[in-house]
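**Student:** Take a look at this one; I'll ask things after.
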Amino acid sequence: MSIISTGDLARSFHLRHHHHQVKTDLSRLTQELASGQHADTGKALGGDFSALSGIERGLRMVAAYRNAAAEAALMTSAVQSALEALQGNLSDMAPALLSATGTDTLQQMELMAASAPDRLSAMVGSLNQTVAGRALFSGANTDQDALIPVEDLLTALEPLATGATDAADLITTLDSWFMDPGGGFETLAYQGSPDPAPGFIVAEGETIQNPISALDPGVRRGLMGMALATLVSNETGSFSDDERRQLLERAALDMASGNDGVTDLRARVGHVEGRIEAAELRGDTTRGLLELERSRLTGADPYTTATELQEAETRLEALYLLTTRLSRLNLTEYLR
């Protein structure tokens, strides 16, 4: 009968090899249990990465859309704030001035109109606001203020007041200057573009654009009313008391009309904000579904991993025990 024995060197090699393998398994399983992901993705997918690549691309696209939606939301929020400030100046002065035209003296009306220059400056400032380096009300010319400075605006309007023969003439001239296509407002005051600003792609096939510019008729009407009140407050031109009252009454009516127009603008911006919110919600839903599918492909089952980890620990303990016993194997121990 032949006896096959294993030499000490070979046995030592096998023990070291098994120790290394078990420790490698322990490290891998511990990592998988902590991360919830397979340590060897290629092995888990059988070498086919096509599905995972598609998911990763989808997640990158969703992230890009999400960033664009966040920028669009910031833009529309700033537009709403600017329009709110614009509307605040119009709604504060128009009702009080309209009420005063029928009952108060001209002196009291002019006292109410005294704040018109500061309010006009604030309105121009609101329309010249920028966010992240993009002008809000300049159309495609996002690197340019929408309007010229208020001082330059008044410099352009003062000759119209001084050259007017009466209140009706000034009202007609200003209306043409502010509201007519190709008039003074479009050629001198407005520095933006008639084309809309570049939009934000917030989802596949969906682009969000800022729908508002300083060329909007409601904005122009409100500016005209405040500018007219400013000219009267600055005593520009030669007008009788009755004409000054007439001019302030018209200014109040234009402010009220402009205020209504700005309300409509804010509703349009609100509609755009709703589209952005809906796109963000769809993007979040898509991202969640893609992440679930990625987890299904690359995730390690925690129960299976924990079971395999426990088995590896048992094998390691057995190897340590075997090594200890073999290390004590000598003639003296054998003869006992």
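**Student:** Only one of these is within 22 Å of the chain's Cα centre (by Cα), of a type in the set (Val, Ile, Thr) and either modelled with pLDDT of 95 or more or over 29 Å from Thr105 (Cα atoms) (or both): Val219, Val202, Val262. Name it.
**Tutor:** When all the criteria are applied, what remains is Val202.
**Student:** On to the next question. Out of the stretch 101-110, which residues are free of Cβ contacts under 8 Å to residues at least 60 places away in the same chain and part of a helix (DSSP H, G or I)?
**Tutor:** If the condition is that a residue be free of Cβ contacts under 8 Å to residues at least 60 places away in the same chain and part of a helix (DSSP H, G or I), then Gly102, Thr103, Gln107, Gln108 are the ones that fit.
**Student:** Let me ask you something else. Scan the stretch 131-141 for residues that are touching a residue at least 12 places away in the same chain (Cβ under 8 Å) and either farther than 20 Å from Glu186 by Cβ or assigned to a helix (DSSP H, G or I) (or both) and report the count.
**Tutor:** 3
**Student:** Does Leu289 count as in contact (Cβ under 8 Å) with a residue 60 or more places away in the chain and not in a strand (DSSP E or B)?
**Tutor:** Against the criterion (in contact (Cβ under 8 Å) with a residue 60 or more places away in the chain and not in a strand (DSSP E or B)), Leu289 does not qualify.
**Student:** Another question, if that's okay. Identify the residue in the stretch 239-277 that is in a helix (DSSP H, G or I) and either in contact with a strand residue (DSSP E or B) (Cβ under 9 Å, 6 or more places away or on another chain) or of a type in the set (Ser, Thr, Tyr) (or both) and, among all such residues, is surrounded by the most Cβ atoms within 10 Å (Cβ to Cβ).
**Tutor:** Ile276
**Student:** Taking the condition of being of a type in the set (Asp, Glu) and either modelled with pLDDT under 95 or under 14 Å from Ala146 (Cα atoms) (or both), how many residues in the stretch 167-191 meet it?
**Tutor:** 1
**Student:** Would you mind stating whether Ala113 is in contact with a helix residue (DSSP H, G or I) (Cβ under 9 Å, 6 or more places away or on another chain), closer than 24 Å to Asn259 by Cα, in contact (Cβ under 8 Å) with a residue 60 or more places away in the chain and open to solvent by less than 60 Å² (accessible area, probe 1.4 Å)?
**Tutor:** So Ala113 fits the description; yes.
**Student:** Which helices (runs of 4 or more DSSP H) does the stretch 142-238 wholly contain that include 3 or more residues that are open to solvent by 70 Å² or more (accessible area, probe 1.4 Å)?
**Tutor:** Where helices (runs of 4 or more DSSP H) fall fully within the stretch 142-238 and carry at least 3 residues being open to solvent by 70 Å² or more (accessible area, probe 1.4 Å), they are 150-162.
The values are calculated or read from the model by the stated rules, or taken from the named source; none is laboratory data. Computed from a prediction, not measured in an experiment: that's the story for all the values here. Neighbour counts run over all protein chains shown; Cβ positions are idealised from the backbone, glycine included. Areas reflect the complete protein model, heavy atoms only, side chains present, ligands, DNA and RNA absent. Shrake-Rupley method; radii C 1.70, N 1.55, O 1.52, S 1.80 Å.
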